[in-house]
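Enquirer: Let me begin by handing over the structure; questions about it come next.
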Amino acid sequence: MNSIITYEVDEKGNQISHDAWLTQQVNVAFDRMENGLAVFVSNEEANALQFKKTAPTYEHCLSFIHKLKLSKPIY
């Protein structure tokens, strides 16, 4: 990347600024909300979903550590 500003590519392959891309994403989100297509979840629900996704990985790491008989994880 040649500059600090991040550029995205639109559907036609033209570069657009990050701000323009972000504006498009926000507009799409509001359109979905206005059309009843958005699904909102509470913070608790989001945390539970995230835990459900990461728990198997965490458990796998713990079992690996146990197999190596390490007292604590190595980072």
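Enquirer: How about LYS67: which lysines have a C-alpha closer than 27 Å to its C-alpha, ignoring those fewer than 8 places off in the same chain?
Expert: LYS67 reaches LYS52, LYS53.
Enquirer: Could I ask something else about it? If packing is taken as the average number of other Cβ atoms within 10 Å across a peptide's residues, how do 27-36, 14-23 rank, most packed first?
Expert: Numbers: 27-36: 10.2, 14-23: 12.0.
Averaged packing, sorted descending, gives the order 14-23, 27-36.
Enquirer: If each residue's Cβ is checked for other Cβ atoms within 10 Å, how do LYS12, LYS52 rank with the fewest at the top? Walk me through the intermediate numbers first.
Expert: On the way: LYS12 6, LYS52 9.
Lowest count first: LYS12, LYS52.
Enquirer: Something else now. Between TRP21 and VAL41, how many nm apart are label points set 7 Å from Cα along the C-beta direction?
Expert: It is 2.5 nm.
Enquirer: Pulled fully out, how much extra length does the chain show between ALA29 and ALA55, if you take 0.36 nm times their separation in residues and subtract their Cα-Cα distance? Display every interim value, and only then the final one.
Expert: Values: separation 26, 0.36 × 26 = 9.36 nm, distance 2.89 nm.
Working it through step by step, the gained length comes to 6.5 nm.
Values in this text are rule-based calculations from the coordinates and carry no lab data. All figures in this text were calculated on a predicted structure; none of them were measured in a lab. Heads up, the Cβs are rebuilt from the backbone with ideal geometry, glycines too, and the neighbour counts pull from every protein chain shown.
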